[in-house]
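Asks: Here it is, the structure, as structure tokens.
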Amino acid sequence: MGVESKEATLSREDLMYVDYIKKFIVDVKRGRVDRVSARDNTIEIIGVDSTGARLAVRLISSRIPISYVNTEVTHEAHEAEEIDADYVYLAIPSKKLIYIAKRTREILKEKGVGLIEVYAHGDTVEVMSSSLRIQKPVQPKSPVVERIIQPRLSEEVRLPANPSSERPEMPSENIARPSTVDSEEKIPDFVKDNPWLSVLSRRRAGGG
């Protein structure tokens, strides 16, 4: 498998280290290598392990000066957050690894980035393990619930629940109408107790 190079010229030493890392993925991780690419001073090897987890190993070039090793490793540790992989490693030649500061190792641990030491004779050692990167799930948007506000009637105009139960009583047709004859209280004194009065009342009611 060739190396996809983007504006980078790899040394024979770097190509040798790439082969050792590929062997590490196949023999130690029991996986396979899918792609190798290079850009600037970094070579990236992408593959999967025996469980199907995606691996990404970035090799710090042997051309990096010793005085810039910690700066380069710290930079790559922060850049690792953007790598689409379950496990991320930085591979460093053994002759450069001895110059990595304690603080630099702490940054790698904080970022969950593993560290692989690569020897010139072909051995590879996992100095620091990589932590499984937890993918943040996409939060589904909450459905918009439209609230329907029912207008409330005031106490003065509120309708009864059962209109028929509170319907005002209509006057009954069987209620006796007032007599056409004036009550005794309106009858003059001189006609009171007159027997003809009742006779005239019956005739008037009968229409005779």
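Asks: So which residues in region 119-128 are surrounded by fewer than 19 Cβ atoms within 10 Å (Cβ to Cβ) and either among the β-branched types (Val, Ile, Thr) or under 12 Å from Val57 (Cα atoms) (or both), if there are any at all?
Replies: Val125, Glu126, Val127
Asks: When you scan region 5-118 for strands (runs of 3 or more DSSP E) that lie fully inside it, which ones turn up with 2 or more residues that are of a type in the set (Gly, Ala, Ser) and open to solvent by less than 80 Å² (accessible area, probe 1.4 Å)?
Replies: Where strands (runs of 3 or more DSSP E) fall fully within region 5-118 and carry at least 2 residues being of a type in the set (Gly, Ala, Ser) and open to solvent by less than 80 Å² (accessible area, probe 1.4 Å), they are 32-39.
Asks: Restricting to region 78-100, count the residues that are under 20 Å from Thr124 (Cα atoms) and touching a residue at least 24 places away in the same chain (Cβ under 8 Å).
Replies: Total meeting the criteria: 13.
Asks: Only one of these conditions is not met by Ser11: (1) within 16 Å of Glu117 (Cβ to Cβ); (2) modelled with pLDDT under 90; (3) of a type in the set (Gly, Ala, Ser). Which number is it?
Replies: (1)
The values are calculated or read from the model by the stated rules, or taken from the named source; none is laboratory data. Note that the structure is a prediction, hence the values are computed from the model and not measured. Quick reminder, even Gly has a Cβ in these numbers, built from the backbone with ideal geometry, and neighbours come from all protein chains shown. Remember, those area values only see protein heavy atoms, side chains included, never the ligands or the DNA or RNA. Shrake-Rupley method; radii C 1.70, N 1.55, O 1.52, S 1.80 Å.
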